[in-house]
Structures are given as structure tokens and as C-alpha cells.
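Each remark here refers to the structure printed beneath this line.
Each value in this text was obtained by applying a stated rule to the coordinates, not by laboratory testing. On a predicted model such as this, the values are computed, not experimentally measured, just so you know. A quick note on method: Cβ atoms are made from the backbone with ideal geometry, for glycine too, and the neighbour counts reach across all protein chains shown.
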Amino acid sequence: MWKVADKVFAIGGWEKDDKPAYTFKTSENNYHFLSDQAGYRPAPYFATRGMKWIQQYDAPPSEDDELIYYLKESHRIVSLGLTKKKQKELGLNQN
């Protein structure tokens, strides 16, 4: 489980066939886009509760760059939900 401050932005685990699975928060647009892509699905538990979380569960190593992008984006989205004081303390979103 990866967090920014005390907020979870991604969870790593394993599928039944011992393949890695990564669950992360997405924007509304990315959620709809990824929901239709091979190797991605609305995240079990999270998506059924209306949250925009996706799980990458069956992707070849060639998609690692995409996963890195989505994990960074998840970190950014979740960090924007922190108080301005906490963001400043952590040096986040100081543009």
C-alpha cells in the first residue's frame, strides 16, 4: 500500500495466478478510458462504491511506463485532497 501523508493512492497485490495487480485512483476521464482497456478493470470493492479506482491486473512488462504514469497521477490526485498546509509541509503542488 502506498500513501501520501495518511491517504492511500495505490495498492499492490497478486492475482490468483500469482501475477501482480496494482490498484490506483484515477481521474474521471482515465477511469472511463481504462475501464475499456485490456488488462485493466474497475477496481474490486472501490468501484462498486462509486470510487474512481482502476486495477491493472494482466499487463505485459511493456506497459510499465503506463503504470508509472498512472501511479504518479494517482499520487497527484490524492495529494490535492490534502490540506494546503499539509501540501506545503510535504512540498507538494507548489506551482
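A compact table of results
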{"item": "Most positive-pole-ward Cα, Ala21, Met1, Gln37, against dipole of region 1-50 from beta carbon charges", "result": "Met1"}
{"item": "Computed P(r) (all Cα pairs; region 54-95; 10 Å bins; percent)", "result": "25, 39, 23, 12"}
{"item": "Electrostatic dipole magnitude of the chain [Cβ: Lys, Arg +1; Asp, Glu -1; Cα centre; debye, to 20]", "result": "780 debye"}
{"item": "Val8, Val78 arranged by Cβ crowding within 10 Å, fewest neighbours leading", "result": "Val8, Val78"}
{"item": "Region 2-87, relative contact order in percent, only Cα pairs under 8 angstrom and at least six apart counted", "result": "31 percent"}
{"item": "Fraction in percent of alpha-carbon pairs per bin - 10 Å, the chain", "result": "16, 48, 28, 8, 0"}
{"item": "Sparse-neighbour loop sites [GluC sites (Glu not before Pro); region 11-66; at most 15 other C-beta within 10 Å; DSSP]", "result": "Glu15"}
